[in-house]
Amino acid sequence: MLRALGVCGSPRRGGNTETLLDVTLNELKGLGVKAEKIFLNAYDVRPCTGCRYCVEEGRCCMDDDMTNVLIPKLLSADIIVIASPVYFNNVSSYVKTFMDRTWCIRGKLRNKVGGGIVVGRGYGLEFALTAIHSFMLKHEVVLGYRGVAGVGFEAGEVLKDKRAIEDARRLAKRLYELARLLHLYPHERGAIA
């Protein structure tokens, strides 16, 4: 069974970012994927210090929830969806800290399937989506969809954005298609010499 990890980078429970992420995760569940949602603000994730310990030892030196809980969840997922509100034309600090801390697992997310969801008032959406996609491309995660950009500010407002709702469903379907292909042909996942 395919496994999906939905990473919610909003501090607001029940807000627009979680709403769009839920659309994608529910669609994946309907396709038979085991989907889990995490809220980054519920975990102790300290910022990367750039100490380069991971370069020498192959693991992060910090003993926090990123090392002990979240990295194992990332490594066991076939599909990764990162959702963030747009703050100052970028992802939230929760998402940025989370992304920075994955340097210690570089190369280990290769050929997982990923997508991004961002929600804001209308400006900065593409910049935030680019940050998520750039993170995924750095890790050689397979992107198969342009991402989801929803417009909303007050809780529930994103539900009026019919295009974003449909895009969140399309994202799920495309991620499922790609993950299924990679799952069917696991011997093809390795690098070409």
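Note on the chain: lysine pairs with Cα distance below 16 Å, sequence gap of 8 or more or different chains, count 12.
Arrange the peptides 143-154, 16-27 so that the one whose residues have, on average, the most other Cβ atoms within 10 Å appears first.
On the way: 143-154: 19.0, 16-27: 23.3.
Going by the mean number of other Cβ atoms within 10 Å, highest first, we get 16-27, 143-154.
Size of the chain: Rg and Dmax of its alpha carbons, in Å, are 16.0, 51. Under the membrane-span-like helix rule (DSSP H runs whose alpha carbons stretch at least 18 Å along the helix axis, mean Kyte-Doolittle hydropathy -1.0 or higher), the chain yields 16-30, 125-138, 162-184.
Annotation: the antiparallel percentage among DSSP beta bridges lying fully within the chain is about 5. Three principal axis extents describe the C-alpha atoms of segment 29-97; from largest down they are 42, 32, 19 Å.
No value in this document is a laboratory result; all are computed from the given coordinates. Here the structure is a predicted model, which means the values were calculated and not measured. In this analysis, Cβ positions are derived from the backbone assuming ideal geometry, glycine residues included, and neighbour counts consider all displayed protein chains.
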